[in-house]
Amino acid sequence: MNFNLSQMPDRFCKPRTSGLSMVMDKGLSVEEAKNLLSAAKPHIDIIKLGFGTAYVTPNLREKIELYQQAEIPVYFGGTLFEAFLVRNQFNDYIALCKDYGIKYMEVSDGSITIPHAEKCGYIEKLTKHGVVLSEVGSKDATNIMPPYKWIEQMQAELEAGADYVIAEAREAGNVGLYRDSGEVRQGLVNEILTKIPAEKILWEAPQKAQQLYFLKLVGCNANLGNIAPSEIIPLETMRIGLRGDTFNLYLDNQDHY
């Protein structure tokens with residue numbers, strides 16, 4: 001940090017296994033990626049190339065190598081995994097990851113229906129090639145899974161070898177964990193946390209109010225994903241009590257001034 005402040009929370013240092021901030025790159029140029037790293041590299045733990053953007057992004061290899069040289073893991077969005085799978089190109093997906101030096105892989109079934117045992121089989125296969133993040137929850141707002149189903153699937157996917165389970169919200173934050181208004185399904189979240197360790201869950205939380213909810217609930221080291229590049233610095237200040245929303249969370253006594 002740039003100067004000393006007392007009464008700061010115990011924010012884990014990089015490389016972190018908990019307290020992750022995952023940034024969603026939805027098609028940044030190489031120059032924009034350079035600017036992102038210049039501004040926020042110490043606060044970015046993972047970068048996701050959102051949905052299928054990697055297929056159409058110019059200078060893809062150069063950008064991926066830029067992130068890798070900054071020692072930030074990159075992975076393709078789960079929608080791209082599903083696009084390969086639905087075309088019977090699972091082995092091509094593995095070859096693609098190897099070609100680009102991608103060591104993180106997302107397994108999701110938000111756009112297609114995969115029998116859950118089969119999904120766990122893909123997770124198990126991919127663990128031989130790197131770190132697996134498996135996404136739970138549908139992108140279909142009309143498909144509302146009961147909490148016990150979220151828990152069952154998360155437990156099974158972690159047992160299959162996933163390093164983290166991603167709680168689905170889409171890039172807009174209006175499905176899965178959230179109502180269409182963006183409001184958190186609090187009962188669902190609380191039930192999940194009775195069975196699944198918080199450090200194993202990456203909560204997709206693109207909206208500020210959603211980020212604030214999980215920071216208050218889990219603490220400054222909550223794993224948060226789908227963060228916009230322009231929001232990574234504001235998120236870090238909110239994590240550590242240097243933004244109005246969390247200003248009083250870590251102060252022992254507010255009557256110093």
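The values are calculated or read from the model by the stated rules, or taken from the named source; none is laboratory data. It should be emphasised that the depicted structure is a prediction, and the values quoted were computed from it without experimental measurement. Every residue, glycine among them, receives a Cβ derived from its backbone with ideal geometry; neighbour counts consider all protein chains shown.
In region 45-64, the residue that is nearest to Y104 (Cα to Cα) out of those that are surrounded by 20 or more Cβ atoms within 10 Å (Cβ to Cβ) and without any contact (Cβ under 8 Å) to a residue 40 or more places away in the chain is I47. In region 84-110, the residues that are at positive phi form Cβ pairs under 8 Å with partners that are surrounded by 14 or more Cβ atoms within 10 Å (Cβ to Cβ) and modelled with pLDDT of 95 or more, at six or more places apart or across chains, as follows: G101/I64; G101/E65; G101/Q68.
When region 19-36 is examined, which residues are found to be surrounded by fewer than 18 Cβ atoms within 10 Å (Cβ to Cβ) and in contact (Cβ under 8 Å) with a residue 24 or more places away in the chain?
The answer is K26, G27, S29, V30, E32, K34.
Looking only at region 219-237, decide whether some residue is surrounded by 19 or more Cβ atoms within 10 Å (Cβ to Cβ), farther than 25 Å from Y104 by Cα and among the aliphatic types (A, V, I, L, M). Within region 219-237 (the criterion being surrounded by 19 or more Cβ atoms within 10 Å (Cβ to Cβ), farther than 25 Å from Y104 by Cα and among the aliphatic types (A, V, I, L, M)), the answer is no, since none of the residues qualifies. For region 1-60, filtering for residues that are closer than 19 Å to I166 by Cβ and of a type in the set (S, T, N, Q) leaves 4.
Exactly one residue out of C97, C13 is surrounded by fewer than 17 Cβ atoms within 10 Å (Cβ to Cβ) and hydrophobic (A, V, I, L, M, F, W, C), and it is C13.
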